[in-house]
1. Are any of the residues in region 44-62 at positive phi, over 19 Å from the mean Cα position of the chain (by Cα) and of a type outside the set (F, W, Y)?
2. Need pairs with beta-carbon distance below 7 Å; first residue within 13 Å of L13 (Cα to Cα) and within region 51-63, second at pLDDT 85 or above and charged (D, E, K, R); sequence gap 6+ or separate chains.
3. If I ask for residues that are under 22 Å from T124 (Cα atoms) and among the aliphatic types (A, V, I, L, M), which ones from region 137-185 would you list?
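The values are calculated or read from the model by the stated rules, or taken from the named source; none is laboratory data. Just so it is clear, the model here is predicted, and its values are computed rather than measured. Please note: Cβ atoms are built from the backbone with ideal geometry, for glycine as well, and neighbour counts cover all protein chains shown.
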Amino acid sequence: MDTELDSFPVASLGDRYSIARSSVYSRLSHLGIEPEKQGTKAFITADQLKEMDSLDAHLKAGGSMAEFGTVQPSSGQLKLSDKTPDTVTTYPQNDSAIALFALAGALQELGGLVRDSKTTDPLTPQRSLREAAEFGYELSSTQLRAILNRKSLPTKGFTALGFTFTSAGKFGHEKSWRVARVQDH
């Protein structure tokens, strides 16, 4: 490896992407990149730097590492998984393939969101709350906000969607809520 032309110091990647050193190594690991040691310093190749740049652009565009294709270092192949362990598609690696995989991952995610929005059952919150009430589950404020699709909750007990919610103490660092069905009169 020509140190001047073909390598890039790993120590400067944090500054390049404005991230912590631990995040740099997390990204390197995700991409299957093992930096080459030269004395006490570690370096990556220009091609590996392009992969890191592509991943950084993907993450800054709102994507996640799980959605981004991974490079298999021993085969030079780009692999995209649909989150099912037995379904992995492998393609030759080049700049165009990396860009296409970033686009394919975004489209795949968007397709899932559209599909999920069409099949969402409007009674899902009530079913979740009924289950919590029947089994005596206590819900954290975070869980309850998600079920009720609210940004905040009242500080005291309240009623919504045919259920009453009463404070049940603490759940870690947040409030815990008891759920009960409102009785018909």
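1. Residues of region 44-62 that are at positive phi, as a first pass: 62.
Now restrict to residues that are over 19 Å from the mean Cα position of the chain (by Cα): none.
Looking through region 44-62, none of the residues is at positive phi, over 19 Å from the mean Cα position of the chain (by Cα) and of a type outside the set (F, W, Y).
2. Here the result reads M52/R27; L55/R27, each pair linking region 51-63 to a residue that is at pLDDT 85 or above and charged (D, E, K, R).
3. L139, L144, A146, I147, L148, L153, A160, L161, V179, A180, V182
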